[in-house]
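The values are calculated or read from the model by the stated rules, or taken from the named source; none is laboratory data. No experiment lies behind these values; they were computed from the predicted model shown. Cβ placement follows ideal geometry from the backbone for every residue including glycine, while neighbour counts extend to all protein chains displayed.
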Amino acid sequence: MCRIEQHPILPIPARITIPFTWQGRPLDALEGETLSSALFAAGVRVFGHHAKDGAAQGIFCANGQCAQCLVIVNGVPVKACMELVRPGVCVEPVEGLPELPRLDASSAGAVKPRPVETVRVPVLIIGGGPAGLSAGIELGKRGIETLIIDDKHRLGGKLVLQTHRFFGSIDAVYAGTRGIDIATRLESEVRTFPQVRVWLQSAALAVYSDKTVGVLVEGRRYALVKPDVLLTAAGAREKNLAFLGNTLPGVYGAGAFQTLVNRDLVKPTGRLFIVGGGNVGLIAGYHALQAGISVIGLVEVLPECSGYKVHRDKLARLGVPIYTSHTVLSANGTDAVESVTITPVDVNFKPIPGTERSFDCDTVLIAVGLDPVNEFHEKAREFGLPAFAAGDAEEIAEASAAIFSGKIRGLEVARALGHDVGEISPEWYRTADILKSRPGATVHEMTPSAETGVFPVIHCNQEIPCDPCAAVCPNDLIELDETDIRLLPSFVAEKDGKGCTGCEKCVAICPGLAITLVDYRKDADFPTVAIPFELLKDTLKPGEVVTVEDTEGGALGRVEVGAVKALKANDRTVIVKVRAPKEYAKRIAGIRIQPPEVAEPLDRYVERMSKDTVICRCERVTAGEIRKLIRGGVRDINEIKAVTRASMGSCGAKTCTPLIHRLFREEGVPESEIVDQPKRPLFMEVPLGVFAGLGHEEEGHGRE
Ligand code: FES
């Protein structure tokens, strides 16, 4: 079984087991678990084989957006990532095209379609993540009747996957608090407002020209919601990447990985390789290490990681090699990932032949950016339904920015409905801009010159919106420009006659784990360094000799661990004390955990024996097939679709359309010449019977 049995941040709740079968084999799921997680926990990664070429299929998004995880449950095809395990269900792989469930002709006439319910509501919010909940709270405070719909089993969106403390402002967006805990706070608050109703497991399907929104309620009932205002806070979808072997089971998105690990406490991999050095990839790597998973490496095609440097640095310090100016060439294996091959790229991002290296791994995580889920917003505007968007659905940024934009949009929606919300402070809009700003330039880290007393050393050397260190210092010794929290903090030795007492509050709260405390009071030659640590406390034991590192992961020396402090007040951030020579004590920023040999390359280059790179994973259409058409003069994606079936698959073309556009770009075709295919009216696949009022209760009818 591949379950996480201990975690430094997440509690491991006792849950009852739910029996089910996979290919007739009895297995146990845990209560409240999706089928995909239960199968992964049982070591099943291949969920079937594709009808076209027999390629193995497994999870990809684990978010209901694609259909790679399709399985047959009691004879009916369902997405394993969205279906909770029910006792006794018989689950089978999808081998080729699933058969339609049998309809018993004698009883068909007895089926009575139910009328479709229409629900009128002043505000409909699509998405119960950080933006949607924040907006719901503002609307609830004003007594405005609001319906929040979310396709997941609980509220919080991606916050429920985030074990790390958040950046931003303590006052505005709970900075310094872990994402999972922010989700709980927002959910608790929104649930205090009786005017705010929540429909979980309920997906928006479409916005229609009569200004209604079709909703699949709890996966079985169709309803039409007629709002006066629509707020889309549906978040983002992950971008895909074209490379050989990109559809092998074991290649999946960072969101899928975080869902398995942090929501469902499943350990899906032992050796992980990450593609993409933005915040999503960097954080996923950190989450993997917290779950006891080896991270073999991370490739980023740019010369620098685009995510926050503090995220990059803490990964490097823990022992993860980061290969910038590199790209992934292939994921290798027959039915699942066995290794990955990477290569350096030149200034034009072209692979440099002869420099390839392969690494042993069982999972390749794709974290190459996000696209807004904004289809509902665009349709609402097209049809004249008053519409707003918040969070990633409006603009891709950090979750802290989504919380704040949700607050603002909530007020704007209230105003649009005629409520007097007063003037929304220009300061709020400025704060929103600051929270969503990209990381600034990196400055040279200045080490303090003092060698007496006790003081913090701030290893944060890139401008990002963040203020918890300054907010928690009891003596106000960490200064930060309150008008622009992106500017770097600085420590002043004394204020109002008070100096640093060594309380360690700044060390514990820094979301980037980028503050240490150096204490010369007992021994000026061998000061004590307090280092924040968020892996399992037992990873380090007093008396153990460890390698300490500078900010960016450069080894400084070997020192003995003195104490490992896990105070309740520090909210699961452990403080590790080491004594180190004064020559480098102030430069210590972290402790290496992962031994270098874990991440060593294979001694051979693995050449993947494969067909061309798959661009449309639903229909298994390759780059070669599409390029041939483009080179033959095709500019209309509808024509590509007609010839190859690319973009006709069950994900609704959400996965492959950006990749097809990329092929056009690579072939030198300007965007202006490309004719896009029309967007499918429905956001996701729906059993036809649902529209006639037939649901799960009538399995075999509703799902045809
Ligand atoms: S990848 Fe789903 S339609 Fe192409």
- Task: Take the range 306-343 and flag every residue that is modelled with pLDDT of 95 or more and surrounded by fewer than 16 Cβ atoms within 10 Å (Cβ to Cβ).
- Result: none
- Message: Based on this model, can you work out whether THR192 counts as closer than 28 Å to GLY418 by Cβ and surrounded by fewer than 20 Cβ atoms within 10 Å (Cβ to Cβ)?
- Response: yes
- Scan ARG263, ARG191, ARG237, ARG220 and give me the residue that is within 16 Å of the ligand (Cβ to nearest atom) and either more than 22 Å from GLU356 (Cβ to Cβ) or touching a helix residue (DSSP H, G or I) at 6+ places or on another chain (Cβ under 8 Å) (or both). ARG237
- Can you pull out the residues in the range 199-231 that are touching a Lys or Arg at 6+ places or on another chain (Cβ under 6 Å) and more than 21 Å from LEU139 (Cα to Cα)? VAL207
- Task: Could you grab me the full set of residues in the range 492-502 that are among the small types (Gly, Ala, Ser) and assigned to a loop (DSSP other than H, G, I, E, B)?
- Result: ALA493, GLY497, GLY502
- Task: Please work out which residue is nearest to the ligand (Cβ to nearest atom), limiting yourself to the range 606-622 and to residues that are surrounded by fewer than 21 Cβ atoms within 10 Å (Cβ to Cβ) and among the acidic types (Asp, Glu).
- Result: ASP612
- Only listed residue being over 23 Å from GLY168 (Cβ atoms), surrounded by fewer than 17 Cβ atoms within 10 Å (Cβ to Cβ) and in contact with a strand residue (DSSP E or B) (Cβ under 8 Å, 6 or more places away or on another chain), chosen from PHE359, PHE383, PHE376: PHE383
- Looking only at the range 428-485, and only at residues there that are touching a Ser or Thr at 6+ places or on another chain (Cβ under 9 Å) and of a type in the set (Gly, Ala, Ser), the one that is nearest to ALA172 (Cα to Cα): ALA432
- Item | Search result, residues across the range 662-686 that are free of Cβ contacts under 8 Å to residues at least 60 places away in the same chain and assigned to a loop (DSSP other than H, G, I, E, B) | GLU667, GLY668, VAL669, PRO670, ILE674, ASP676, GLN677, PRO678, ARG680
- Message: Residue under question is PRO13, and the condition is that it be without any contact (Cβ under 8 Å) to a residue 40 or more places away in the chain and out of contact with any His (no Cβ under 9 Å at 6 or more places or on another chain); does it hold?
- Response: yes
- Note on the structure: In the range 524-549, anything without any contact (Cβ under 8 Å) to a residue 40 or more places away in the chain and not hydrophobic (A, V, I, L, M, F, W, C) is listed as ASP538, LYS541, PRO542, GLY543, GLU544
- Query: Residue check: is GLY502 in contact with a strand residue (DSSP E or B) (Cβ under 7 Å, 6 or more places away or on another chain), closer than 23 Å to GLU583 by Cβ and in contact (Cβ under 8 Å) with a residue 24 or more places away in the chain?
  - Reply: yes
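For every residue, the table says whether it meets (1) modelled with pLDDT of 95 or more; (2) assigned to a helix (DSSP H, G or I); (3) surrounded by fewer than 22 Cβ atoms within 10 Å (Cβ to Cβ).
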position	(1), (2), (3)
ASP181	yes, yes, yes
SER188	yes, yes, yes
VAL198	yes, no, yes
GLN201	no, no, yes
SER209	yes, no, yes
GLY219	no, no, yes
VAL225	yes, no, no
ASP228	yes, no, yes
- Task: Please find, within the range 135-174, the residue that is modelled with the lowest pLDDT out of those that are of a type in the set (S, T, N, Q) and within 20 Å of ILE283 (Cα to Cα).
- Result: SER169
- Task: Could you grab the pairs with beta carbons closer than 9 Å, sequence gap of 6+ or different chains, first residue in the range 616-628 and among the charged types (D, E, K, R), second one part of a helix (DSSP H, G or I) and more than 9 Å from the ligand (Cβ to nearest atom)?
- Result: GLU619/THR644; GLU625/ILE640; GLU625/VAL643; GLU625/THR644; ARG627/LEU663; ARG627/GLU666
- Sole exception among (1) surrounded by 18 or more Cβ atoms within 10 Å (Cβ to Cβ); (2) at pLDDT 95 or above; (3) within 11 Å of the ligand (Cβ to nearest atom) for PHE664, by number: (3)
- Query: How many residues are outside any helix (DSSP H, G or I) and within 13 Å of the ligand (Cβ to nearest atom) when one looks only at the range 623-661?
  - Reply: 12
- Message: For a quick check of your reading of the model, give me the residue pairs whose first member lies in the range 589-615 and is farther than 24 Å from ALA646 by Cβ, whose second is in a loop (DSSP other than H, G, I, E, B), with beta-carbon atoms closer than 6 Å and at least 6 apart or on different chains.
- Response: ALA589/HIS459; ALA589/ASP550; ALA589/THR551; ARG592/GLY319; ILE593/GLY319; GLN594/GLY319; ALA599/PRO321; TYR605/GLU356
- Task: Kindly provide the set of residues from the range 514-529 that are over 19 Å from MET446 (Cβ atoms) and either buried (at least 24 other Cβ atoms within 10 Å of the Cβ) or aromatic (Phe, Trp, Tyr) (or both), ordered by number.
- Result: PHE526
- Which of the residues that make up the range 166-179 are touching a helix residue (DSSP H, G or I) at 6+ places or on another chain (Cβ under 6 Å) and under 26 Å from GLY64 (Cβ atoms)? PHE166, GLY179
- Enumerate the strands (runs of 3 or more DSSP E) found wholly within the range 247-354, keeping only those where 3 or more residues are within 30 Å of GLY235 (Cβ to Cβ) and not basic (Lys, Arg). 251-253, 271-275, 294-300, 322-324, 326-332
- Query: Within the range 452-465, which residues are surrounded by 14 or more Cβ atoms within 10 Å (Cβ to Cβ) and on the phi < 0 side of the Ramachandran plot?
  - Reply: VAL454, PHE455, PRO456, VAL457, ILE458, HIS459, CYS460, ASN461, GLN462, GLU463, ILE464, PRO465
- Inspect all residues belonging to the range 78-97 and state whether any of them is touching a Cys at 6+ places or on another chain (Cβ under 7 Å) and either over 30 Å from THR212 (Cβ atoms) or in contact (Cβ under 8 Å) with a residue 60 or more places away in the chain (or both). yes
- Enumerate the strands (runs of 3 or more DSSP E) found wholly within the range 503-617, keeping only those where 2 or more residues are among the small types (Gly, Ala, Ser) and at pLDDT 95 or above. 555-565
